[in-house]
1. Per 10 Å bin, what is the whole-percent P(r) computed from every C-alpha pair distance within the stretch 14-121?
2. For the stretch 20-241, what is the percent of antiparallel DSSP beta bridges, rounded to the nearest 5?
3. Between the stretch 193-220 and the stretch 109-180, how many Å separate their Cα centres?
4. For helix 134-144, what angle does its Cα long axis make with the longest principal axis of the chain, in degrees from 0 to 90 and rounded to 10?
5. For the chain, what is Rg from Cα atoms divided by 2.2 N^0.38 Å, rounded to two decimals?
6. Using Cα pairs under 8 angstrom and six or more residues apart, how large is the relative contact order of the stretch 20-241, in percent?
7. Give me the one-decimal nm value for the distance between modelled label points at residue 172 and residue 42, 7 Å along each residue's Cα-to-Cβ direction.
8. Take residue 87 and residue 210, extend 7 Å from each Cα along the Cα→Cβ direction, and tell me the distance between the two endpoints in nm.
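Just so you know, all these numbers are worked out from the coordinates, no wet-lab data involved. These figures come from a predicted structure and were not determined experimentally. Here the Cβ positions follow ideal geometry from the backbone for every residue, glycine too, while neighbour counts run over all protein chains shown.
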């Protein structure tokens, strides 16, 4: 009961900070350490070269996410002790540690955590597609921001996906998925449909996992339009050729 003579105020919910009104875009990243990243590229690369190349992949993806509109940039990192290292690579990003024993658990935990923090949608994007056109990421954000889209996926040419975005946490999309196989995208779409979720796919792209992928990347970056998307990667590969 308000004191006599004073107007009553209707309680209101605390406003969500402006950054939480945006779609969270989280880069799934590993610490670029020799022997722990891009091991399928060794040979032809040495372990130290593969780690340096992956660091360039990360820098290019960080630059791409930083330039997006309507997005809150996030870096989901592993291992835990690499936080300081990632704070140097992406000082303006929100840093969150990856949680879970395998990729599906880590993806679900990352997206669920960002949604629980108040974001209306959350996207996890890989760090193995340095030449991915930035407009594909922007399309995913714009699509997920619209009502009617529950899941957004960015297919890779090998049957996986380079990004997944959701407006609500759905563990079924990630449990017991045969990761690193050509069935990942198909299974995810089938599970989304079974749950009554409307899924939208972005254009397909390729990720860099094998020596053949590396040769394709080098050819693409030799003066092609994708060089602008992968500046750090292109510089590193050019220096190796020299």
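1. The distribution over the stretch 14-121 is 15, 40, 33, 9, 2, 0, given as percents.
2. Roughly 30 percent of the DSSP beta bridges within the stretch 20-241 come out antiparallel.
3. Here the answer is 12 Å between Cα centres.
4. On a 0 to 90 degree scale, this one is about 30.
5. For the chain, the normalised Cα radius of gyration comes out at 1.12.
6. Relative contact order, the stretch 20-241: 23 percent.
7. Each label point lies 7 Å from its Cα, and together they span 4.1 nm.
8. 4.1
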